[in-house]
Amino acid sequence: MSGLFSTFNVATRGMTAQQKAIDVTSHNIANANTEGYTRQRATMETTRPANETTGAGQLGTGVQVSTVSRIRDTYLDYRVRAESGTMGLYEGREKFLTELEGIFNELDGTGISTLTDKVFKSWGDLSLSPEVSNTRTVVAQQSKALTDQLNNTYNQLTKLKENCQGSIKQDIIDINKMLDQINELNQEVISVKVGGNEPNDLMDKRDLLVDSLSSKFGITIDKKTLAGEDLKATDSGDVVNPYLVKSSPNAEVRRFSYVSSIDKKADGTYDVNYYKNGDTTTDANKVTMNMTLTSEQYTSLDEGRVLWADTDGYAIAADGTRIAGTDSTGSIGTTAATMSTIELFQPKTGELQGFMSVQADIDVYIEKLNNVAKGIAFSVNAVHSGETDPNLDLLKFFVNSDVNGKEEEITAGNISINEKIMDDVMLINVGKNSTSGETDGSRALAISQLKNVKLEIQGIVDGTTRSSFLAGKYNADTMAISSSSNGATIGGFFTDIVSTLAIQTQVAKKNVTNYSALLANLEESRTSVSGVSLDEEMANLIQFQHAYQANAKIISTVDELLDLVINGLKK
């Protein structure tokens, strides 16, 4: 019904609506610098009109705030998260490739390439004065410096790989924690929506966690009713029900566990030890699976390290059943542990993939460094002893420092100088007759000339021996090893290693720079939509303030009119 009291109610509703709008504006201003905060807006609509019985039709009854909503672009969210995964991949690679490049530093005069040149030069100097013990000592010491550097580089590469695996483990811990937090926020959001309210701040917290998660691996989000979200990994392989977060509170979800070690047993099988949810703080979380692995399967598991698991952290097969193993409670799981039954998490993007792919790179460089060590040992030992069959050697110059270590099992980590030679440098063979002690220097000259011989170092594999490596290449009469058309000099092969690594590192850095710029542009676009502009909020504040004052003026006017009607009629 129209009248002064109706006008009074319209103005009251107007003041209430403007007050709520001012509250929203104040909240925006207060959170202008809050990470992940999304600008909110009070949406106003007219209240239900009153039907006028006098024939004038419906008469408006004022305004109300229908909802307080977030201003957010879901497409920009998708783009930012997709590019965050790519950015995470290249950042993970760049971080460790830069460290890898530092390990192969050839600028300080103590690099492998420089030391190799010094070794061959010392053999050349020895050929000129073979009878002098000092020149023999220089050969031994320069060679030891080279083997020490090979050992040190190998150990640094091994340590770098361990650090990379440590980063994967920490990521798994962080990922599982984020998933638990997202799940909790998901349920809170749904419960608030059920009550008819808008959980804007809760959804901001959830989105911020999802943004962080997207940098770890690719994610896919399914929107559900009541603002719930189901989240799964984009690259879920064959895993049935690969969801990591479900809007249904009691739904089965997946988690990830971390393989801490792969230990070979006497029977040739492997004990694969993993920690539930990556939590290595207590051995109560440790689970052991016994498996048979080929060398390729070992490498895949060693570089991957991440297993799909159930909510309790136990490794699962594709169908969700637990893999057989043992933990602190005894035997668990029913599905046999094999590489075909366990499910490795192998994302194609994100920081996890960056760390996993770098491990493969490190393995390649370790293998190439081992080939350098074997190429040096095979060639020098052959010329030094005059034999291509190591079993016929009277005295090897380079040996395997491992107990009972074989020459064909020499690596950059165990190559060393024969202790007998280090104790008595006069045992070094320098003359043509390797057994008579001649000191004409011709053998030392032949070893020094190995610097320019092209060897098939890249063809060395597990099981390669000196005999197979130098088959048809060594001439006992001239003490020379002939070059291979498909080979490379020792120095040239190592230079190729360093050059390839430099290119990989440069590409990773360039990709990080490019994707940083792309992501910054996307973030700027998202901020322009969802971020708080203080200028805009201050303008809104003035607008709502004036509207509030105008409604207050209406109430004041109605008050005067009512006073006139009620008190004025008495007069």
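The values are calculated or read from the model by the stated rules, or taken from the named source; none is laboratory data. Here the structure is a predicted model, which means the values were calculated and not measured. When we count neighbours, we look across all protein chains shown, and the Cβ atoms used for this are built from the backbone with ideal geometry, even at glycine. Just so you know, the surface numbers come from the protein's heavy atoms only, side chains and all, with ligands and any DNA or RNA stripped out. Shrake-Rupley method; radii C 1.70, N 1.55, O 1.52, S 1.80 Å.
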Residues of segment 28-87 being in a helix (DSSP H, G or I), open to solvent by 40 Å² or more (accessible area, probe 1.4 Å) and not small (Gly, Ala, Ser), in sequence order, are Ile29, Thr74, Tyr75, Tyr78, Arg79
Scanning segment 367-416 residue by residue, those open to solvent by 10 Å² or more (accessible area, probe 1.4 Å) and aliphatic (A, V, I, L, M) turn out to be Leu392, Leu394, Leu395, Val399, Val403
When segment 195-224 is checked residue by residue, the ones that are among the polar types (S, T, N, Q), modelled with pLDDT of 95 or more and more than 15 Å from Asp174 (Cα to Cα) are Asn200, Thr220
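Let's see how each residue does on (1) at pLDDT below 95; (2) in contact with a Lys or Arg (Cβ under 9 Å, 6 or more places away or on another chain); (3) among the charged types (D, E, K, R):
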site: Glu387; (1), (2), (3): yes, yes, yes
site: Leu394; (1), (2), (3): yes, no, no
site: Phe398; (1), (2), (3): no, no, no
site: Asp402; (1), (2), (3): yes, no, yes
site: Asn414; (1), (2), (3): no, no, no
site: Val425; (1), (2), (3): yes, yes, no
site: Lys432; (1), (2), (3): yes, yes, yes
site: Ser436; (1), (2), (3): yes, no, no
site: Gly463; (1), (2), (3): yes, no, no
Across segment 316-340, the tally of residues that are touching a residue at least 24 places away in the same chain (Cβ under 8 Å), over 23 Å from Glu162 (Cα atoms) and out of contact with any Lys or Arg (no Cβ under 7 Å at 6 or more places or on another chain) stands at 11
Checking the structure you have, find out if any residue of segment 511-526 is more than 25 Å from Phe96 (Cβ to Cβ), in a helix (DSSP H, G or I) and aromatic (Phe, Trp, Tyr).
no
Residue pairs qualifying under the 6 Å Cβ cut-off, at least six apart or on distinct chains, with the first in segment 273-297 being within 16 Å of Gly166 (Cα to Cα) and the second being among the β-branched types (Val, Ile, Thr), are Asn273/Thr288; Tyr274/Val259; Tyr274/Val287; Gly278/Ile172; Gly278/Ile173
Checked against (1) closer than 30 Å to Glu408 by Cβ; (2) open to solvent by 30 Å² or more (accessible area, probe 1.4 Å); (3) modelled with pLDDT of 95 or more, Ile457 satisfies every condition except (2)
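Report yes if some residue within segment 312-329 is open to solvent by less than 30 Å² (accessible area, probe 1.4 Å), among the aromatic types (Phe, Trp, Tyr) and out of contact with any helix residue (DSSP H, G or I) (no Cβ under 6 Å at 6 or more places or on another chain); otherwise report no.
Looking only at segment 312-329, we keep the residues that are open to solvent by less than 30 Å² (accessible area, probe 1.4 Å), and these are 313-318, 320, 323, 325, 327.
Okay, now just the ones that are also among the aromatic types (Phe, Trp, Tyr), so 314.
Subset that is out of contact with any helix residue (DSSP H, G or I) (no Cβ under 6 Å at 6 or more places or on another chain): 314.
Yes, segment 312-329 contains at least one residue that is open to solvent by less than 30 Å² (accessible area, probe 1.4 Å), among the aromatic types (Phe, Trp, Tyr) and out of contact with any helix residue (DSSP H, G or I) (no Cβ under 6 Å at 6 or more places or on another chain).
Can you pull out the strands (runs of 3 or more DSSP E) entirely within segment 271-360 that have at least 2 residues that are among the hydrophobic types (A, V, I, L, M, F, W, C)? Spell out the reasoning first.
On the way: elements: 286-291, 306-309, 325-327, 330-332.
It comes to 286-291, 306-309.
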(Q) I'd like to know if segment 542-550 contains one or more residues that are open to solvent by less than 20 Å² (accessible area, probe 1.4 Å) and not aliphatic (A, V, I, L, M). (A) no
Any residue that is under 15 Å from the mean Cα position of the chain (by Cα) and either assigned to a loop (DSSP other than H, G, I, E, B) or closer than 22 Å to Glu94 by Cβ (or both) - is there at least one of those in segment 192-213?
yes
Quick count over segment 271-300, residues being hydrophobic (A, V, I, L, M, F, W, C), surrounded by fewer than 20 Cβ atoms within 10 Å (Cβ to Cβ) and within 17 Å of Glu343 (Cβ to Cβ), is 1
Checked segment 507-521 for anything farther than 16 Å from Ser357 by Cβ and free of Cβ contacts under 8 Å to residues at least 12 places away in the same chain; matches are Lys510, Thr513, Asn514, Ala517, Ala520, Asn521
For strands (runs of 3 or more DSSP E) lying entirely in segment 218-269, having 1 or more residues that are surrounded by 20 or more Cβ atoms within 10 Å (Cβ to Cβ) and of a type in the set (S, T, N, Q) picks out 255-264
State yes or no: is Lys348 touching a Phe, Trp or Tyr at 6+ places or on another chain (Cβ under 9 Å) and within 26 Å of Thr220 (Cβ to Cβ)?
yes
When segment 336-366 is checked residue by residue, the ones that are farther than 19 Å from Arg93 by Cα, surrounded by 21 or more Cβ atoms within 10 Å (Cβ to Cβ) and of a type outside the set (A, V, I, L, M, F, W, C) are Glu343
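Consider Thr495 carefully, then state whether it is of a type in the set (Val, Ile, Thr), more than 30 Å from Arg39 (Cβ to Cβ) and open to solvent by 70 Å² or more (accessible area, probe 1.4 Å).
Judged against the criteria, Thr495 is not a match.
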Query raised in the report: Among the residues of segment 156-175, is any in contact with a Ser or Thr (Cβ under 9 Å, 6 or more places away or on another chain), crowded, with 17+ Cβ neighbours inside 10 Å and farther than 18 Å from Ile362 by Cβ?
Result: yes
Does Gly313 satisfy the criteria of being under 19 Å from Asp363 (Cβ atoms) and touching a residue at least 40 places away in the same chain (Cβ under 8 Å)?
-> no
- Query: Within segment 421-432, is even one residue open to solvent by less than 60 Å² (accessible area, probe 1.4 Å), in contact with a Ser or Thr (Cβ under 9 Å, 6 or more places away or on another chain), in contact (Cβ under 8 Å) with a residue 40 or more places away in the chain and more than 28 Å from Thr137 (Cβ to Cβ)?
  - Reply: no
One residue is enough: does segment 255-266 have a residue meeting the conditions basic (Lys, Arg) and either touching a helix residue (DSSP H, G or I) at 6+ places or on another chain (Cβ under 7 Å) or touching a residue at least 40 places away in the same chain (Cβ under 8 Å) (or both)? yes
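Identify the residue in segment 122-159 that is over 20 Å from Ile415 (Cα atoms) and assigned to a helix (DSSP H, G or I) and, among all such residues, is modelled with the lowest pLDDT. I'd like the intermediate steps shown before the answer.
We begin by selecting, within segment 122-159, every residue over 20 Å from Ile415 (Cα atoms); these are 124-135.
From the residues that got through so far, the ones that are assigned to a helix (DSSP H, G or I) too are 124-128, 133-135.
Numbers: Gly124: 95, Asp125: 95, Leu126: 94, Ser127: 93, Leu128: 92, Ser133: 89, Asn134: 94, Thr135: 94.
Ranking the candidates gives Ser133 first.
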Note: among Leu4, Leu59, just one is free of Cβ contacts under 8 Å to residues at least 60 places away in the same chain and more than 56 Å from the chain's Cα centre (by Cα), namely Leu59
